[in-house]
Structure formats: structure tokens, C-alpha cells
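S.K.: Please see the structure below; I have some questions.
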Amino acid sequence: MKHAVIVVIASVFLVFPAVAPVPEQSFILRGIVWITDPALPPIKLASFKSPPPYQGGLLSEGDREGMLSVQSILPESGKVIIKDEARQQTIELQLPDRVGPRVEAPTFDFASVTIGHIVDLLQMLSGRTIIAPASILGEGISLTTPALRSRSEARAALEEVLRTNDLILTVRGEKFAFLMPLDSPEVVSSIPNPPSSEQLTNGAIPAGLIKFNDADVAQALDVYQMLRGRTVIYPGNIRAKVAVRTQTRVERDEAVWLMNAMLRLAGLVVVPEADKFVFAVPPSMTNSLPHFERKAALAKAAITNDGAAAPIRLSGADPQQMLDMAAVTMGRIPIPILPPIEVPRFETYNLRTEPLDQAESIFALEAWAHLNGFAFELVGSDKVAITQRAPEQP
């Protein structure tokens with residue numbers, strides 16, 4: 001999961017092997033970055049679109065991605081030499097509309113890049129992790145600047161580009177910043193400030209270790225559960241995407257704050273419940289969340305179990321599987337589902353818990369069923385059924 005940005009100062013003498021023509025619809029050079037600063041080493045990067053399995057992105061000379069390596073970046077001529085080891089092919093990429101070499105290379109020469117690339121550059125130049133809605137990071141822009149004289153000038157130029165694209169950057173604390181559309185500042189204002197890193201000593205997480213690239217929110221919630229040590233309960237019909245990469249080392253509490261903020265921008269609110277649970281739901285569902293009461297949960301068990309705590313693992317779209325798990329947990333007999341319950345197409349329900357005792361397991365299953373439009377109904381002294389109700393709309 002780590003992704004290191006390596007800055008290499010180009011050698012004066014470059015020797016290039018014979019180059020091959022670029023395969024049609026293969027590698028496409030999107031832009032070149034050439035940042036100089038009298039007090040700091042230069043930064044030379046290239047961005048290109050790559051065929052699968054490569055991801056492309058911003059790479060410097062000498063960087064490798066799988067079997068792909070960047071041999072040379074030539075800002076003055078707008079060229080990049082890459083080598084595809086899988087095909088044993090050295091390829092010369094040229095920025096479009098570049099007629100010939102320039103006397104002084106632009107700092108930013110982007111034929112077509114995304115807001116996500118701009119965010120990566122701003123993170124590098126500011127030393128902050130930028131939190132933004134995943135939906136805006138894929139938007140494309142073109143940008144060519146003159147030769148700028150410092151990293152601070154380069155950073156200011158990128159921030160101006162964002163402003164002209166109706167995006168606003170808001171700094172939070174020493175390590176973070178938000179990037180949001182101008183018409184949605186109220187979301188950021190609802191997020192509290194991050195904890196002070198000077199007061200935290202609860203386990204540092206290296207830079208770049210938290211990284212999501214247009215990932216399903218369910219994947220992020222799995223990581224969040226590991227960070228919090230709490231079971232995350234959420235509805236199966238959420239379809240949000242998330243994207244973030246930590247630029248600096250963060251303490252665990254800072255990482256939790258970061259993910260809370262990232263999830264909020266994805267349309268979810270995180271609500272802790274008791275000592276072992278967290279709900280991750282749309283704001284419209286926060287007023288009807290269930291609460292854990294140990295005695296009430298145990299009263300639903302026909303057979304109590306004092307055994308060791310154990311995790312629950314459920315995944316799929318089969319209500320019978322949910323019912324069977326509830327029956328085992330409650331020590332009851334499941335009543336067959338007749339007629340079958342129809343599940344919306346592509347609906348998937350996931351529940352992966354931390355180790356829970358019987359009362360906690362009963363609560364987790366009932367809360368999870370509640371968020372997904374189901375309920376467990378006790379029948380007699382030793383049976384349980386599952387019923388379907390209208391799910392709350394996100």
C-alpha cells in the first residue's frame with residue numbers, strides 16, 4: 001500500500017537506446033512537472049495514461065510500476081522515455097502539440113490531467129494530506145505555466161488552478177486540508193478539527209500507508225473497523241467511493257479523524273454506539289438508530305451462551321443466511337422463509353464483526369437487519385423468523 005515519490009536529479013549526460021513507436025491506444029503522455037527551487041532539489045515528474053495492468057499516475061525518473069520503468073523525463077522537449085519490460089520495449093512519449101524544444105521548460109505542462117494529479121502535487125508541495133470527494137478527482141484539466149522559481153510559487157499556481165475550477169482548499173490543523181466545490185462548504189464546516197498530534201502517542205502510521213484510490217466505501221469501512229477496534233454496521237445499499245492518501249505520518253487518532261472526514265465527504269456519518277459498535281449511515285438515518293441494551297438482547301435468546309466471544313462473518317444477498325445466523329446466535333429454531341424474500345438486484349449485505357459475546361452478537365445482527373430493511377421476529381419460546389420491511393432511504 002505504500003507509494004513513495006522519489007525525486008531524482010537528472011544527469012547531464014543521457015544515453016537512450018533505440019526507441020520503438022508507441023502502440024496505438026497504449027501509453028499516452030499527459031503532462032510533465034519540472035519544479036526548481038534555489039534552496040531545494042528539483043522535482044521532475046511525468047504523468048501518463050497506461051493500459052492495464054498499469055495505473056500510471058505521477059512518476060519520476062527511475063520509478064517503477066510493475067514491469068514499467070521511467071527512463072528519462074525531458075521537460076524542454078516535452079518527451080518521456082519509458083521501458084515496458086514485459087514487451088522488452090523502450091517507448092518515447094511526446095506531449096501533443098509540442099513542435100520543438102523550448103529554451104526554458106514550463107513548470108507545469110499538462111495536456112490532460114485530473115484534479116487527482118493536482119491534489120497529489122499539492123500534497124507533495126504542502127506536506128499535507130488533502131481530503132476531497134472522490135467524485136471530483138477524476139475531472140480533467142489542461143494547464144501550462146511559465147517556468148516558476150520556487151516550490152511556493154508552484155504551489156500557489158496549483159491553488160489558483162483549483163480556484164478557477166470552482167474548488168476551494170481549506171487548511172485544517174498542521175497535517176490536513178479539505179478540497180471542496182465552492183457550492184458545498186457546509187459539509188466541511190460540520191467536521192470538527194483534527195486532534196493535536198503533539199498530544200497523541202497512540203501508535204504512528206507511516207506516510208502513504210492509508211491509501212484509497214476510488215475505492216468502494218465498504219473497503220474503507222473494513223480498514224476503519226481495524227483502526228477503531230469496533231464493529232462497523234452499515235446499510236448494504238451504499239454505493240459511495242472514497243479516495244485519499246496520507247502524505248505524512250499520522251497517529252492512530254489522527255487516522256480515525258481522517259477516515260471520519262473522508263466518510264463524511266462520501267455521504268456517511270459515523271455514530272459510535274456503546275463500547276464496541278459504530279454505525280456508518282447517511283445523515284437521514286441517524287435519528288432512528290438502535291441502542292445496545294444487554295438485558296434486552298439476552299432476553300431474546302432461548303438458550304444463553306457463556307462461551308468465548310467470536311466474530312460474525314456474513315456476506316451475500318441471501319436472507320436465509322441472515323436468519324440461520326440469528327437462530328444460532330439466539331439458540332432458536334429458524335422458521336423457513338415462505339414465500340421467498342425478494343432481494344433487490346445487486347444488493348449485497350456485509351457484516352464482519354470484532355469478537356462479540358452473545359448479547360453483543362444479537363444486537364449486531366438486529367441492528368444490521370434494521371439498516372437493511374429486515375427484522376427478526378421471535379415466535380413462541382424457541383423459534384425465530386425474518387420479515388421484510390421498507391428500508392430507510394439514504
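Computed from the coordinates by the stated procedures, all read-outs in this text should not be read as laboratory data. Here the structure is a predicted model, which is why all the values come from computation and not from measurement. Here Cβ is always computed from backbone atoms with ideal geometry, including for glycine, and neighbour counts include all displayed protein chains.
S.K.: Arrange the peptides 181-187, 59-65 so that the one whose residues have, on average, the most other Cβ atoms within 10 Å appears first.
M.R.: Going from most to least packed, we get 59-65, 181-187.
S.K.: For segment 28-186, rounded, prolate or oblate, judged on the Cα gyration tensor with a ≥ b ≥ c (square roots of eigenvalues), a/c < 1.5 rounded, else prolate if a/b > b/c?
M.R.: Here segment 28-186 falls in the prolate category.
S.K.: Sticking with this one: From the list (1) 32, 27, 18; (2) 50, 23, 18; (3) 37, 25, 20, can you say which value of semi-axes √(5λ) of the Cα gyration tensor in Å was derived from the structure given?
M.R.: So the structure-derived entry is (2).
S.K.: Moving on to the next point. Structure shown: which of Lys83/Lys175; Lys276/Lys383; Lys276/Lys300; Lys241/Lys300; Lys211/Lys295 lie over 30 Å apart, alpha-carbon to alpha-carbon?
M.R.: Lys83/Lys175; Lys241/Lys300; Lys211/Lys295
S.K.: Under the rule a/c < 1.5 gives rounded, and otherwise a/b versus b/c splits prolate from oblate, where does segment 207-288 land using the Cα gyration tensor?
M.R.: Here segment 207-288 falls in the oblate category.
S.K.: At 0.36 nm per residue, and after removing the present C-alpha to C-alpha distance, how many nm does the segment from Ser196 to Arg313 gain when stretched out fully?
M.R.: 38.5 nm
S.K.: Decide, for segment 54-147, between rounded, prolate and oblate: order the square roots of the alpha carbon gyration tensor eigenvalues as a ≥ b ≥ c, take rounded if a/c falls under 1.5, and otherwise choose prolate if a/b is larger than b/c, else oblate.
M.R.: Taking the square roots of the gyration eigenvalues as a ≥ b ≥ c, segment 54-147 is oblate.
S.K.: Okay, moving on. Take Met226, Met322 and order them by how many other Cβ atoms sit within 10 Å, fewest up front.
M.R.: Fewest-to-most ranking of Met226, Met322: Met226, Met322.
S.K.: A further question follows. Using θ = phi - 60° and the Karplus relation 6.51 cos²θ - 1.76 cosθ + 1.60, list the HN-Hα couplings for segment 290-305 in order, rounded to whole Hz, with x at every Gly or Pro.
M.R.: Working through the residues one at a time gives x, 10, 7, 10, 4, 5, 5, 5, 5, 5, 8, 8, 6, 10, 7, 9 Hz.
S.K.: Between Val103 and Glu377, what is the label-point separation in nm under the 7 Å Cα-to-beta-carbon projection?
M.R.: Here the modelled spin labels are 8.4 nm apart.
S.K.: Now a separate question. Under a crude label model (7 Å from the Cα following the beta-carbon direction), how far is Ser152 from Gln320 in nanometres?
M.R.: 6.9
S.K.: Which residues make up the longest stretch of the chain clear of chymotrypsin sites (Phe, Trp or Tyr not before Pro) that lie in a DSSP loop with no more than 13 other Cβ atoms within 10 Å, not counting the sites?
M.R.: Excluding the exposed sites themselves, the longest stretch runs over 14-345.
S.K.: At 7 Å along Cα-to-Cβ for each site, give me the label-to-label distance between Gln88 and Asn287 in nm.
M.R.: If labels sit at Gln88 and Asn287, their model points lie 6.9 nm apart.
S.K.: Given a Förster radius of 41 Å and the C-beta distance between Ala299 and Val187 as r, what FRET efficiency does 1/(1 + (r/R0)^6) yield to the nearest 0.05?
M.R.: Calculated transfer efficiency: 0.50.
S.K.: Tell me which residues come under 5 Å, amide H to amide H, from Ile210 once H is placed; ignore anything under 5 positions away on its chain.
M.R.: Thr246
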